[in-house]
Amino acid sequence: MSANAHPDSTDLDRIHSAVKREKADLPPESQPAPLWATFLLMLVAIVAGGQLGPMAGGWSFDVSNPFSIAAGGMDPRPGADGAGATLDPFALAMKKGASGYAICGGCHQGNGAGLPGQFPPLAGSEWVTGGTERLIRVVQHGLVGAITVKGQGYNTPGGMQPFGAAMSSQDLANVLTYIRNTWGNEGTMITKEMVQKVRDEEKRATQWTEAELQPFADKNVEGEIPAGPGATAAAAAK
Ligand code: HEC
């Protein structure tokens, strides 16, 4: 082929494909947003996040907040300490009650089954799942003398010591909620207000006997709320 002939077909293909690659012009109403608008939206999102974060879940830019985790402080809101921050009141009581139960487990055992002839069981015990008036009194003031639990007699010398002085109303409430809802037990949640109510009206310094507690066996301290996730709504509504 001579040098002054038409551009060869390879050149034509190259030129055409370059033209075909060009995008068609956009109509004026659908031009891309200007860059400044993109940055403005990002700024709005960041500022809004800073406002919404603390409301929605305690997330905050503000590391000078004395209660913020970043500042090493303790958040004083109920249930806001540590892992408990995300738990509902019932789940939190169960978690704390489980560790508080270490005090009881030495006698009643980790599985709540007690020791035959020595320490009565809490698992399946009518004393535990029955009236909260009796249960709170047992742990608050102690128990002595012959008792029957699940049809078995117990009469351990010295009985059970009172825990009212050693444990706060909140700690007791957590442990009692725990033993009422563990090992297959099912019971209502016991709040610190309920424990406090019994404390305020009953100041005895001696351990109870089974006969003395009989009138309270099926009585419930008012203010109890159902256990389980439902407790959240009930507690929040209070
Ligand atoms: C030093 C051993 C000991 C410890 C610790 C102990 N208890 Fe007891 N507990 C006993 C004995 C003994 C009895 C039975 C008392 C009697 O015979 O009159 C008893 C009885 C009970 C009863 C009534 C009977 C039953 O089995 O349901 C409950 C409820 C109870 N304890 C709960 C607790 C809780 C909750 C704790 C922890 C805060 C605890 N106890 C810690 C020894 C102990």
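Some observations on this one:
- In segment 138-154, residue farthest from the ligand (Cβ to nearest atom) [restricted to those that are farther than 22 Å from Ile190 by Cβ and out of contact with any strand residue (DSSP E or B) (no Cβ under 7 Å at 6 or more places or on another chain)]: Gly151
- Restricting Leu92, Leu172, Leu176, Leu135 to those that are more than 8 Å from the ligand (Cβ to nearest atom), under 28 Å from Pro226 (Cβ atoms) and in a helix (DSSP H, G or I) reduces the list to Leu92.
- Test: residue in segment 210-228 that is in contact with a strand residue (DSSP E or B) (Cβ under 7 Å, 6 or more places away or on another chain), modelled with pLDDT of 95 or more and surrounded by 12 or more Cβ atoms within 10 Å (Cβ to Cβ): yes
- Residue in segment 88-101 that is farther than 16 Å from Asn181 by Cα, in the same structural domain as Glu193 (by TED's automatic domain parsing) and surrounded by fewer than 20 Cβ atoms within 10 Å (Cβ to Cβ) present: no
- From the options Gly159, Gly130, residue that is near the ligand (Cβ under 6 Å from one of its atoms) and in contact (Cβ under 8 Å) with a residue 24 or more places away in the chain: Gly159
The values are calculated or read from the model by the stated rules, or taken from the named source; none is laboratory data. Computed from a predicted model, the values in this text were never measured in an experiment. Here the Cβ is made from the backbone with ideal geometry for all residues, glycine too, and neighbour counts use every protein chain on show.
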